[in-house]
Amino acid sequence: MSTDTLEDQTLDAAWELSRSVALRPESFGALAYHFGNRRLIFLKRRELVEVVRGLGDAPDARTALRRAGVPAEQWASFAAALRGLADADVIRPRQPAAEQPAGEQGEPG
Amino acid sequence: MTLLTEPASTGLAATERAMPLVARFERGLAAPICLTWELTYACNLSCVHCLSASGRRDPRELSTEQCESIIDELQAMQVFYVNVGGGEPTVRPDFWHLLEYAVNHQVGVKFSTNGVRIDAARARYLASTDYVDVQVSLDGATAAVNDQVRGEGSYAMALRALDNLTTAGFRDAKISVVVTRHNVDQLDEFKRIADDHGATLRLTRLRPSGRGADVWDELHPTHDQQRDLYEWLVRAGEKVLTGDSFFHLAGFGEKLPGLNLCGAGRVVCLIDPVGDVYACPFTIHETFRAGNIVTDGGFAQVWRTSELFGRLREPQGGGACSACQHYDVCRGGCMAAKFFTGLPLDGPDPECVQGYGQAALADPQRTVPALSLDHSHRREPAGRREPVLLQLGTRPDAATPAAPAAPAAPPVSACAENPLAGFTPAR
Ligand code: SF4
Ligand code: SF4
């Protein structure tokens, strides 16, 4: 699979913050904590944090990037970062339509 | 105190964007990522090296309500995880209540125990909860070696707790070992005990804190043992946790997984049973007391505004170490180890791989600071202060069978504890 394809797939997909993850703002960006696997992940740029927070309300990652004001020439590296976050289950692909029930308990703080 | 090297400068400027993560950590975070909370100084045991000199309950111990309000504050600060210890935390009558309270407030708990209260029923309860991790202390892979340090019957107690956890289906308990001159030859056996219980081995450094000051000279591993330990750790890789304890050994070769940073007051701190906040669990001394949660306006206030923490978050000079080729990875080692052996804080660690620590320890001017808090049992159980007489046969071919796989991403582990195994740096 070429990098381009993977990048496009990432950018075209709808994502959301994983329900087991909480973000704590830090001066450099944020610290993400996964309550399930007890991992800490550092988001080292504020723009990335803004993108991640915006994913749930955006039809796809491209839109979230545009809304966060990330210049298009940086989208490739942001797509790679998003893939890293997906691998760590910080973000998850969002289920289309038939959404999960709203009364979840996983989302902390 | 020689910590003050430059005027205070808090708040990060926009030009500091490219700063590496470790440098960010040196400046301190909005809240600790490695918070230890000792719930009580009371303990059923009297381990000779106890870092908090525990034994008797302090009459000023925080009440249940005060503990709950600390948990509320930790939740608000988004401290996702605390390492609960003591003393023996499970002897507090409200321990199980506080455990549940914390978990219900999105504060995950790992608690350290000598195993005294982990019976079959508790083990089943623990196996049924999420967000609770159990760490059982064991300082010898055999009863003879363990009980010499932790007291008669303590090996059987720890193993019974581990057996109960295994039987109950609790997964991935931690077995915490303080590495000493007498158990450093048993690392493979410790690993086997952990594997047999589906547990993870966690090794930590013996520091001369609390009662550890009394026994450090005779119990800390020799220079040759340090080298063997380092090599064992390199072979074990990430299968064995260290809480970043051994970064002072990095000069033996390449750096070990971890932050290689003294996190005290920056990403690490300790809340003690009376609400005092110290820079790290190994620095229970007036010099490193940042404030009190009850009298100084709460934990967040102390964390953010303590003058001591402000100084610890400024760039530290390397002093006598700055010329050393290993300074980048070793940073002069552990502040607590230096302080409690009476060495200058900006000089080499007492266990410096270059041997400078040994020279510094030989200085006749050196004075060791007195404990500012001691909760030891007044009538010490027989044998407590007796010298460690046991001599173990050495095993020349202590080969490690497991081939460590290369880690996909380095774990960042704050020094004293390790909530961060599996850390992935995201861009
Ligand atoms: S290096 Fe020593 S003083 Fe610093 S956080 Fe670790 S144990 Fe504490
Ligand atoms: S001289 Fe200092 S920096 Fe060098 S190895 Fe010794 S303690 Fe570490």
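The values are calculated or read from the model by the stated rules, or taken from the named source; none is laboratory data. For clarity, every value in this text was computed on a predicted model and none was experimentally measured. Ideal geometry is used to build each Cβ from the backbone, glycine not excepted, and the neighbour counts take in all protein chains shown. When the accessible area is computed, the model is the full protein with side chains, heavy atoms only, and any ligands, DNA or RNA have been set aside. Shrake-Rupley method; radii C 1.70, N 1.55, O 1.52, S 1.80 Å.
Quick grid of which residues meet (1) in a helix (DSSP H, G or I); (2) over 19 Å from the mean Cα position of the chain (by Cα):
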| position | (1), (2) |
| --- | --- |
| B:Val136 | no, no |
| B:Val149 | yes, no |
| B:Leu162 | yes, yes |
| B:Phe170 | no, yes |
| B:Glu189 | yes, yes |
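You will find that of A:Glu99, A:Glu104, the residue that is modelled with pLDDT under 95 and either in contact with a Cys (Cβ under 8 Å, 6 or more places away or on another chain) or open to solvent by 80 Å² or more (accessible area, probe 1.4 Å) (or both) is A:Glu99 and no other. The sole residue among B:Pro273, B:Pro257, B:Pro281 that is away from ligand 2 (no atom under 16 Å from the Cβ) and more than 27 Å from A:Glu26 (Cβ to Cβ) is B:Pro273.
Flag set for B:Gly357, criterion: at pLDDT below 95 and touching an Asp or Glu at 6+ places or on another chain (Cβ under 6 Å). Being open to solvent by less than 10 Å² (accessible area, probe 1.4 Å) and of a type in the set (S, T, N, Q) is a property that B:Thr142 lacks. Restricting attention to segment B:332-364 and to residues that are in a loop (DSSP other than H, G, I, E, B) and of a type in the set (A, V, I, L, M), the residue that is farthest from ligand 1 (Cβ to nearest atom) turns out to be B:Ala362.
A residue that is within 15 Å of ligand 1 (Cβ to nearest atom), surrounded by 19 or more Cβ atoms within 10 Å (Cβ to Cβ) and within 14 Å of chain A (Cβ to nearest Cβ) occurs somewhere in segment B:267-279. When segment B:200-231 is limited to residues that are of a type in the set (A, V, I, L, M, F, W, C) and open to solvent by less than 10 Å² (accessible area, probe 1.4 Å), the one that is farthest from ligand 2 (Cβ to nearest atom) turns out to be B:Leu201.
Considering (1) in contact with a Lys or Arg (Cβ under 6 Å, 6 or more places away or on another chain); (2) at pLDDT below 95, say which one B:Asp214 fails and leave the rest. The single condition B:Asp214 does not satisfy is (1).
Here B:Val329 passes the criteria (1) more than 12 Å from ligand 1 (Cβ to nearest atom); (2) at pLDDT 95 or above; (3) among the β-branched types (Val, Ile, Thr) except the one numbered (2). Scanning segment B:115-129 for residues that are more than 23 Å from the chain's Cα centre (by Cα) and open to solvent by 10 Å² or more (accessible area, probe 1.4 Å) yields B:Asp119, B:Ala120, B:Ala121, B:Arg122, B:Arg124, B:Tyr125, B:Ala127, B:Ser128, B:Thr129.
Selection of helices (runs of 4 or more DSSP H) fully inside segment A:1-96 by the criterion of at least 2 residues being buried (at least 20 other Cβ atoms within 10 Å of the Cβ) returns A:46-54, A:61-67, A:75-87.
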